[in-house]
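Here the structure is laid out as C-alpha cells; the discussion comes afterwards.
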Amino acid sequence: MDDFAGLVENEIPRLRRYARALTRDAARADDLVQSCLVRAVAKQHLWQPGTDLRAWLFTILHNQHVNDVRRGIREGAAIPVEEVASALTVEASAGASLQLRDLERALTRLPEEQRQVILLVGLEGMRYEEVATILGIPIGTVRSRLSRGRETLRVLMDMDGARARAAARAA
C-alpha cells in the first residue's frame, strides 16, 4: 500500500492539471481528482504492478469526468451568479494573456473528443498509445482527432489568416 500510495501521489499534479483543463474550474477539478483518487484506492487490487499507473489513473479520471458530465446533463446544472461573479469581470491584459484567452475559448468550442486528445497530447505530453489506452479508442482515432482538433484550433484562432497578413506586410 505504501508503494502504491507513493506512486499515486507522484501523479497528482498531472491529474489536477488535466482535470482543470477538462472542467475549467479549480474546485470542480479538485473534486474530480479526489473522486479519482478515492476510486483508485478502492480499486487498487485491479492495478497490476509493472503496468502504466499514470494511464490507469487518467482512465479513471476520464471515466469519472464522463460520468459527471452525464449526471449533470440528466440533473441539469444551476450555478448561482455569486459563485462566478469574479470570473465575469474583465481585466486589462497584454497580448500573451489575450492569446491564452483566445486559446481557452477555442478549446471550449472543440468537440469534447478532440479537446480530450489535444489536452492529453499537448498539455500532458502523453504518447498516442497512452492516450488511446486512457480513452479506450484505437490509436488511429487518436491521430485523427488530434489532426482535426489542431486544424479546428487554427481556424478558430485565425492562425492561417494572421500568417497571411504577416507575410503580406513583410513583402
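Bear in mind that the values in this text are calculations on the coordinates, not laboratory data. All of these numbers come straight from a predicted model, not from anything done at the bench. With ideal geometry, Cβ positions are generated from the backbone for all residues, glycine too; neighbour counts draw on all protein chains shown.
Computed from the C-beta positions of Gln99 and Ala26, the FRET efficiency with R₀ = 22 Å rounds to 0.55.
Label point of Met157 set 7 angstrom out along Cα-Cβ; within the range 1-38, amide nitrogens under 20 Å from it belong to 17-25.
With a Förster radius of 30 Å applied to the beta-carbon distance between Ile137 and Glu9, the computed FRET efficiency rounds to 0.60. In plain terms, the chain from Val69 to Glu112 could stretch by 14.4 nm, reckoned as 0.36 nm per residue minus the Cα-Cα distance.
Relative to the Cα centre, the charge distribution of the range 1-60, modelled as +1 at Lys and Arg Cβ and -1 at Asp and Glu Cβ, gives a dipole magnitude of about 320 debye.
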